[in-house]
Amino acid sequence: MNFIEGEILYIDKPLGWTSFDAVKRLRGSLTRRTGIKKIKVGHAGTLDPLATGVMLVCTGRATKRIEELQAGVKEYVATVALGATTPSFDLETEIDATYPTEHITRDMVDEALSKFLGTIEQVPPSYSACKIDGQRAYHAARKGKEVELKPKTLVIDEIELLEYSQQSITIRVVCSKGTYIRALARDIGAALGSGGHLTALRRTRVGAVGIADCLSIPQAEELIAKVDIEYPADFVFPEN
């Protein structure tokens with residue numbers, strides 16, 4: 001494999017890791033294998049630490065394709081707890097309010113989900129990497145500051161109810177770049193008059209790449225350690 005010319009590794013990001021953690025780990029493996037200290041490595045599409053699933057890691061000149069790859073349609077499987085909200089819309093923060101759920105029926109959920117199909121406006125979470133005056137929103141949110149973000153236009157191509165109870169639902173979502181599933185959980189909970197927050201998230205597809213195509217971090221490190229390394233004909237090793 002030619003990691004300088006550019007390769008794209010399909011990774012199943014583990015729970016609890018940031019996207020940067022995964023990139024840093026693989027960059028270290030590539031540095032040890034190639035002998036190049038400053039090899040380029042980047043990822044196409046951030047996943048929160050509490051999310052798992054498909055992440056595309058680009059090396060060398062393939063990092064120039066990151067913007068193109070990020071634009072691909074994403075698919076997620078998400079579990080939403082009903083009857084409670086959190087400031088971050090997921091399990092990063094503690095529950096701040098509770099609501100009744102006895103009124104929720106499966107038909108109500110189906111009707112609520114249908115309202116999110118197509119082109120919609122979504123306000124990103126305050127606990128997000130969106131920038132306000134040059135600063136990431138989550139920096140201000142974690143300090144307890146008020147954060148106001150403008151709605152963004154996005155597209156949800158498919159939304160399917162996989163599991164239902166009055167306390168929790170699991171959904172499959174196919175959506176455009178920029179969709180926050182945490183924010184979708186918030187909005188679904190509000191539409192049901194019960195509040196809601198995300199309790200599990202798995203990205204199952206980016207473009208044409210699915211979970212079945214992905215390697216775990218240990219498998220990717222094993223591949224890097226064993227594969228034959230190629231270098232471009234014009235490549236000059238940097239002086240260490």
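The values are calculated or read from the model by the stated rules, or taken from the named source; none is laboratory data. Treat the numbers as computed from the prediction; the structure is a model and nothing was measured. With ideal geometry, Cβ positions are generated from the backbone for all residues, glycine too; neighbour counts draw on all protein chains shown.
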Of (1) over 22 Å from Met108 (Cβ atoms); (2) in contact with a strand residue (DSSP E or B) (Cβ under 6 Å, 6 or more places away or on another chain); (3) modelled with pLDDT of 95 or more, Glu222 fails just (2)
Out of all the residues in region 88-103, is one or more outside any loop (DSSP other than H, G, I, E, B), touching a Leu at 6+ places or on another chain (Cβ under 9 Å) and within 23 Å of Asp187 (Cα to Cα)? no
TODO: Using the structure shown, decide if Val109 is in contact with a Ser or Thr (Cβ under 8 Å, 6 or more places away or on another chain), at pLDDT 95 or above and not basic (Lys, Arg).
DONE: no
Is one or more of the residues making up region 27-41 touching a strand residue (DSSP E or B) at 6+ places or on another chain (Cβ under 6 Å), assigned to a helix (DSSP H, G or I) and not assigned by TED's automatic domain parsing to the domain that holds Ala200? yes
### Query
Being in a loop (DSSP other than H, G, I, E, B), out of contact with any Cys (no Cβ under 6 Å at 6 or more places or on another chain), in contact (Cβ under 8 Å) with a residue 12 or more places away in the chain and not acidic (Asp, Glu), is that true of even one residue in region 180-190?
yes
Say whether the condition of being surrounded by 15 or more Cβ atoms within 10 Å (Cβ to Cβ) and closer than 21 Å to Pro100 by Cα is met by at least one residue in region 175-182. yes
The correct count of residues that are closer than 17 Å to Val109 by Cα and not in a helix (DSSP H, G or I) in region 191-208 is 7
For this session: Looking only at region 173-190, decide whether some residue is within 30 Å of Leu30 (Cβ to Cβ) and either assigned by TED's automatic domain parsing to the domain that holds Val54 or modelled with pLDDT under 95 (or both).
Result: yes
Of (1) without any contact (Cβ under 8 Å) to a residue 60 or more places away in the chain; (2) surrounded by 13 or more Cβ atoms within 10 Å (Cβ to Cβ), Ala212 fails just (2)
Per the filter on region 215-230, residues exposed (fewer than 15 other Cβ atoms within 10 Å of the Cβ), outside any helix (DSSP H, G or I) and not polar (S, T, N, Q) are Val227, Asp228, Ile229, Glu230
When every residue in region 1-49 that is charged (D, E, K, R) and under 13 Å from Ile229 (Cβ atoms) is compared, the one surrounded by the fewest Cβ atoms within 10 Å (Cβ to Cβ) is Arg32
Only one of Asp48, Asp12 is among the charged types (D, E, K, R) and part of a strand (DSSP E or B), namely Asp12
Can you confirm whether region 151-172 contains a residue that is of a type in the set (Gly, Ala, Ser), modelled with pLDDT of 95 or more and outside the structural domain of Ala51 (by TED's automatic domain parsing)?
yes
Filtering region 1-19 down to residues that are among the hydrophobic types (A, V, I, L, M, F, W, C) and at pLDDT 95 or above yields Ile8, Leu9, Ile11, Leu15, Trp17
